[in-house]
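> Before we start, here is the structure in question, set down as structure tokens.
The values are calculated or read from the model by the stated rules, or taken from the named source; none is laboratory data. None of these values were measured; they are calculated from a predicted model. Ideal geometry is used to build each Cβ from the backbone, glycine not excepted, and the neighbour counts take in all protein chains shown. All accessible areas refer to the heavy atoms of the entire protein, side chains included, with ligands and DNA or RNA removed. Shrake-Rupley method; radii C 1.70, N 1.55, O 1.52, S 1.80 Å.
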Amino acid sequence: MVDQYKNAWQKSDAGPDRPARAAEYVRMSTEHQKYSTENQGDIIRQYAEHRGIQIVRTYADAGKSGLRLDGRDALKQLISDVQSGTADFTTILVYDVSRWGRFQDADESAYYEYICKRAGITVQYCAEQFENDGSPVSTIVKGVKRAMAGEYSRELSAKVFTGQCRLIEMGYRQGGPPGYGLRRRLIDQNGAAKAELARGEQKSLQTDRVVLVHGPAEEIEIVRWIYQQFLDHSASEREIADALNARGVKTDLGRTWTRGTVHQILINEKYVGNNVWNRVSFKLKKKRVRNKPDMWLRAEGVFDPIVDKTVFDAVQVIVRERSRKLSNEEMLSGLQDLLQENGYLSGLTIDEREQLPSSSAYAGRFGSLLRAYELIGYVPDRDYRYVEINKKLRKLHPDVVSAAISAIENIGGSIKQDTEADLLTVNGEFTVSIVIARCGETAAGFPRWHIRFDTELAPDLTIAVRMDHTNETILDYYLLPRIDMTVSKLRLAEHNGVSLDAYRFETLDTLYEMAARATLLEVA
């Protein structure tokens, strides 16, 4: 069957004296990738020569992550050529499934391959142990390979994040410019200083670490002067910036001072020696998320402070109190004026406006910067809807749990709630965990629900509450017993077959039936 398939696609473009025409696609994530584009190309060419295929075009994404299509210009161009009908080849040769992509949704990887197949162009994986011939075996193996490619990235991301958290707690810097008055110092694994890193320079050895140290004495004095002017002389950020510019002082980037650059010095904890990280998350190339302060990772007093903590705390009180003097209407009116003037809004543009409170003040007053935008009718280019959806779902979770507890108690069952572990013990017999599953979409527009099982607490029963496509109302419930769930994560589609949909219920009545107490008649 494999030979028949090969002959079919080769005959479509090749005759006895005319080899089949192919394009090769190669990708590597970083310069340190084990399989460089050159090595991939060698294997692909050997594959092509063995099968009498002529490579007529190369699409290469060097130094590009395979997590999503964004940024992979070569793959986008390949797909565009295929869809437009301008492709002058009948097959695409790729090193293996992971080079095609490590998409977090395996269906997305399949979708891009399907686009090629629909146009009559096959995709061949040259280093895999299966032929991509559409047979049941190849389909199953390919599906597993796609899932493994995505899982590799998830596991690596989790390990990297854990390692970064540990380094932050130990007082090591994890990226970002040092800021005015500070410098990055490279130290070895024993803590001995090696060199000072200039802007743009990075460490080259895995065992080396980076810490923040004091910069030139004149910059240290400027930082302390800024705090003194703001605290003791009630000078505004704009007045301080104007004074520095009049003196010819430049920022750490060699630019003139603005209200925003002064404001950032006044609110950044690194000036009291704190190492703060995870303000913003950008895991697995997904949406950039601005985390709440309780999610920040903070190590206090790990750097030599430039400013005394009592001075810093006093400044933060002034910054917060400033915004409290304005009513909600006044704050929103000022934001509306800034929008009309600039045509867009961002945290930086808000911080630069002298008459307005800081962006953090808006977030504190209205719950989030996005909520403030929404109140004045501004929709940013980037889609932040998922942030609001997650907030709603977090608020919904306690209501679902409370309703379940009440229903079980009403039918005579007993229930014990561990609020810290978020675990319910029913009748002292079995444990239950309730999770809310948000509805998302694949690149092709198909709904998906991702469920993570708590492998540490290992509840006997996980109740997955699936939300509808709008994430406004509950769609249904999946009652998933631990004994039958052998994975740590589960991805649900709209329809999942009897193996999973057997656990699907319209209501939680089945749970209540399990918790109901039966009355036993006394035997005479």
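> Being touching a helix residue (DSSP H, G or I) at 6+ places or on another chain (Cβ under 6 Å), surrounded by 11 or more Cβ atoms within 10 Å (Cβ to Cβ) and either of a type outside the set (A, V, I, L, M, F, W, C) or closer than 21 Å to Ala110 by Cβ (or both): is that true of Tyr478 here? Explain how you work it out, then say what you get.
Details: touching a helix residue (DSSP H, G or I) at 6+ places or on another chain (Cβ under 6 Å): no; surrounded by 11 or more Cβ atoms within 10 Å (Cβ to Cβ): yes; either of a type outside the set (A, V, I, L, M, F, W, C) or closer than 21 Å to Ala110 by Cβ (or both): yes.
It is false that Tyr478 is touching a helix residue (DSSP H, G or I) at 6+ places or on another chain (Cβ under 6 Å), surrounded by 11 or more Cβ atoms within 10 Å (Cβ to Cβ) and either of a type outside the set (A, V, I, L, M, F, W, C) or closer than 21 Å to Ala110 by Cβ (or both).
> Something else: On the given criteria, is Leu78 at pLDDT 90 or above and under 24 Å from Ala149 (Cα atoms)? Reasoning before the result, please.
On the way: at pLDDT 90 or above: yes; under 24 Å from Ala149 (Cα atoms): yes.
Spelling it out, Leu78 is indeed at pLDDT 90 or above and under 24 Å from Ala149 (Cα atoms).
> While we're looking at this one, here's another question. State which residue is farthest from Arg320 (Cα to Cα) when the search covers only the range 227-261 and only residues that are of a type outside the set (Val, Ile, Thr), in a helix (DSSP H, G or I) and open to solvent by less than 20 Å² (accessible area, probe 1.4 Å). Spell out how you get there, then give the answer.
Of the residues in the range 227-261, the ones of a type outside the set (Val, Ile, Thr) are 227-239, 241-248, 250, 252-255, 257, 259-260.
Next, only the ones that are in a helix (DSSP H, G or I) stay: 227-232, 237-239, 241-246, 259-260.
Filter again for open to solvent by less than 20 Å² (accessible area, probe 1.4 Å), leaving 227, 230, 237, 241, 244, 259-260.
On the way: Tyr227: 15, Phe230: 14, Glu237: 14, Ala241: 20, Leu244: 24, Arg259: 16, Gly260: 16 Å.
Here the answer is Leu244.
> Still on this model: Within the range 245-265, does at least one residue satisfy the condition of being under 33 Å from the mean Cα position of the chain (by Cα), polar (S, T, N, Q) and more than 17 Å from Asp351 (Cβ to Cβ)?
No, the range 245-265 contains no residue that is under 33 Å from the mean Cα position of the chain (by Cα), polar (S, T, N, Q) and more than 17 Å from Asp351 (Cβ to Cβ).
> Test of understanding: among Leu348, Leu356, Leu338, Leu369, which residue is loosely packed, with under 15 Cβ neighbours inside 10 Å, closer than 20 Å to Thr261 by Cα and not polar (S, T, N, Q)? Break it down stepwise before answering.
Working: Leu356 fails: loosely packed, with under 15 Cβ neighbours inside 10 Å; Leu338 fails: loosely packed, with under 15 Cβ neighbours inside 10 Å; Leu369 fails: loosely packed, with under 15 Cβ neighbours inside 10 Å.
Unique residue meeting the criteria: Leu348.
> Please determine whether any residue of the range 203-226 is in a helix (DSSP H, G or I), on the phi < 0 side of the Ramachandran plot, of a type outside the set (Val, Ile, Thr) and touching a helix residue (DSSP H, G or I) at 6+ places or on another chain (Cβ under 9 Å). Can you show your working first?
So in the range 203-226, the residues in a helix (DSSP H, G or I) come out as 217-226.
Going one step further and asking which of them are on the phi < 0 side of the Ramachandran plot, we end up with 217-226.
Checking the rest, the ones that are also of a type outside the set (Val, Ile, Thr) come to 217-219, 221, 224-225.
Now restrict to residues that are touching a helix residue (DSSP H, G or I) at 6+ places or on another chain (Cβ under 9 Å): 224-225.
Yes; the residues of the range 203-226 include at least one that is in a helix (DSSP H, G or I), on the phi < 0 side of the Ramachandran plot, of a type outside the set (Val, Ile, Thr) and touching a helix residue (DSSP H, G or I) at 6+ places or on another chain (Cβ under 9 Å).
> While we're on this one: Just to check your reading of the model, which residue among Leu332, Leu348, Leu326 is under 17 Å from Gly367 (Cα atoms) and within 32 Å of the chain's Cα centre (by Cα)? Give the steps one after another, and end with the answer.
Values: Leu348 fails: under 17 Å from Gly367 (Cα atoms); Leu326 fails: within 32 Å of the chain's Cα centre (by Cα).
After ruling out the rest, the residue left standing is Leu332.
> Pick out the one residue from Gly171, Gly179 that is surrounded by 14 or more Cβ atoms within 10 Å (Cβ to Cβ), at positive phi and modelled with pLDDT of 85 or more.
On the way: Gly171 fails: modelled with pLDDT of 85 or more.
Going through Gly171, Gly179 in turn, the sole match is Gly179.
> Tell me whether the range 404-415 contains one or more residues that are part of a strand (DSSP E or B) and either in contact with a helix residue (DSSP H, G or I) (Cβ under 6 Å, 6 or more places away or on another chain) or at pLDDT 85 or above (or both).
yes
> Which count do you get for residues in the range 92-134 that are open to solvent by 10 Å² or more (accessible area, probe 1.4 Å), under 27 Å from the mean Cα position of the chain (by Cα) and over 22 Å from Gln54 (Cα atoms)?
11
> Same structure again: Got a sec? Which of Ser402, Ser499 is open to solvent by 30 Å² or more (accessible area, probe 1.4 Å), closer than 23 Å to Ala147 by Cβ and not aliphatic (A, V, I, L, M)? Steps first, please.
Working: Ser402 fails: closer than 23 Å to Ala147 by Cβ.
Matching residue, one of Ser402, Ser499: Ser499.
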